[in-house]
Each structure stands twice: as C-alpha cells, then as structure tokens.
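Participant: Okay, here's the structure, questions in a sec.
The values are calculated or read from the model by the stated rules, or taken from the named source; none is laboratory data. The model shown is predicted, which means the values in this text are computed figures rather than measured ones. Here the Cβ positions follow ideal geometry from the backbone for every residue, glycine too, while neighbour counts run over all protein chains shown. Surface accessibility is based on the protein's heavy atoms, side chains included, excluding ligands, DNA and RNA. Shrake-Rupley method; radii C 1.70, N 1.55, O 1.52, S 1.80 Å.
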Amino acid sequence: MTQIIISQNGQGGVALTSAGSETTLEEVLEKGDLGDFARIVEVSDLPSHPEFTDAWEMDANSVTVNMDKAKEITKARLRVERAPLLAAQDVLFMKAQETGADTTATIAEKNRLRDITMLADSANTEEELLAIKCA
C-alpha cells in the first residue's frame with residue numbers, strides 16, 4: 001500500500017507531498033507546515049483520474065473532484081488537441097477553394113472542432129470528460 005500526504009494548496013486545491021529517502025511521512029506531517037487538513041492517506045483512496053488533480057478539493061474527511069474545474073481542464077486539453085486539426089482543415093479548405101471543389105465536409109469538420117469544447121459542459125462524470133476526444 002502506498003501512502004502520501006494530502007493538504008490544501010494556496011489556490012483551494014490539493015497538494016500532494018511524499019517523504020524523502022531520509023524522512024518518514026509522519027515526520028513531514030509533524031512539522032506542521034502543511035495546514036489544518038493535512039493528513040496521510042492511501043493513494044488508492046484518492047480520486048482515480050490524475051488528469052484532474054488540479055480540480056481536486058479537500059475537506060477534513062475527503063478529496064473530491066470539482067466538476068466545474070474538471071470541465072475547464074478538459075476544455076483546455078481539447079483546445080490543444082484541436083489546434084493542429086483545425087490547421088489541417090484550413091489547408092484542405094484553401095486547396096478546395098483553389099480548385100473549386102466542394103468545401104461542405106471541411107466546413108462541417110471545422111465547426112465540429114470549434115464546438116467540441118461545449119461537450120464538456122454537459123458531462124456529469126470524469127469518465128465522460130475523458131471520453132471527449134477531437135480525433
């Protein structure tokens with residue numbers, strides 16, 4: 001079983017602290033530098049998707065995922081994923097215009113990519129957020 005110290009960070013999230021090779025978790029915790037809710041927990045008791053660590057929040061009893069923050073994390077990921085895909089569609093669109101070819105499919109794909117971040121707004125779980133992909 002792997003243990004780690006969790007505590008609140010300065011931004012309302014959760015900080016994870018491990019012990020060094022010459023100190024124990026208990027010794028780190030005893031220093032008292034980590035705040036009121038700092039405690040040692042089993043890693044297996046933490047939320048299961050590390051992609052959303054920046055959305056974790058804690059109180060005296062548990063660590064939970066703030067879904068609004070998780071949605072924003074997902075939107076940021078999707079924006080990075082879609083940037084090269086949109087650029088490729090721009091090239092296809094320009095080539096189609098030069099040759100007089102139909103641009104309907106290219107326009108539809110560009111719109112799908114632009115709108116993909118809106119899918120995060122309707123997600124209710126971390127799994128649903130992780131399932132949203134640009135490709």
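Participant: Taking only DSSP H segments of four or more residues, each worth -39500 (n - 2.57), what value at 222 nm results for the chain once the sum is divided by all its residues, to the nearest 500 deg cm²/dmol?
Facilitator: Here the helix-only value at 222 nm equals -14000 deg cm²/dmol.
Participant: How big is the dipole moment of the chain about its Cα centre under a simple scheme where the beta carbon of each Lys and Arg is +1, that of each Asp and Glu is -1, and everything else is neutral? Debye, nearest 20, please.
Facilitator: I would put it at about 820 debye.
Participant: Which net charge results when you count Lys and Arg as +1 and Asp and Glu as -1 among the other residues whose beta-carbon is under 10 Å from that of Ile116?
Facilitator: After counting each charged neighbour, the total is +4.
Participant: A further question on this structure: Starting from the Cα of Ala131, step 7 Å toward the Cβ, then list every residue of region 41-63 with an amide N under 17 Å from that point.
Facilitator: 49
Participant: Taking only Cα atoms and a 10 Å spring cutoff, compute GNM fluctuations for the chain and point out the largest among Gly13, Gly100, Gly32.
Facilitator: In the Gaussian network model the winner is Gly100.
Participant: Once label points are set 7 Å from the Cα along Cα→Cβ at both Thr17 and Glu57, what is their separation, rounded to one decimal in nm?
Facilitator: 2.3
Participant: Okay, next question. For Ser44 and Glu98 in one chain, what is 0.36 nm times their gap in residues minus the Cα-Cα distance, to one decimal in nm?
Facilitator: 13.8 nm
Participant: How much net charge surrounds Val63 when only the other residues with a Cβ under 11 Å from the Cβ of Val63 are counted, with Lys and Arg +1 and Asp and Glu -1?
Facilitator: -2
Participant: Here is a follow-up. Regarding region 1-97, what are the three Cα extents along the principal axes, ordered largest first, in Å?
Facilitator: 68, 29, 24
Participant: Students often check this: by mean Cβ neighbours within 10 Å, which of 68-74, 54-60, 20-26, 37-43 ranks highest, and how do the rest follow?
Facilitator: For the peptides 68-74, 54-60, 20-26, 37-43, the packing ranking is 68-74, 54-60, 37-43, 20-26.
Participant: Please give me the summed charge of the neighbours of Leu130: other residues whose Cβ is under 11 Å from its Cβ, Lys and Arg +1, Asp and Glu -1.
Facilitator: Residues near Leu130 contribute -2 overall.
Participant: Would you please give the FRET efficiency between Ile107 and Asn66, computed as 1/(1 + (r/R0)^6) with r the Cβ-Cβ distance and R0 = 25 Å, to the nearest 0.05?
Facilitator: Working from the Cβ atoms, E equals 0.10.
Participant: Right, something else. For the chain, what % of the accessible area comes from carbon and sulfur atoms, probe 1.4 Å?
Facilitator: 52
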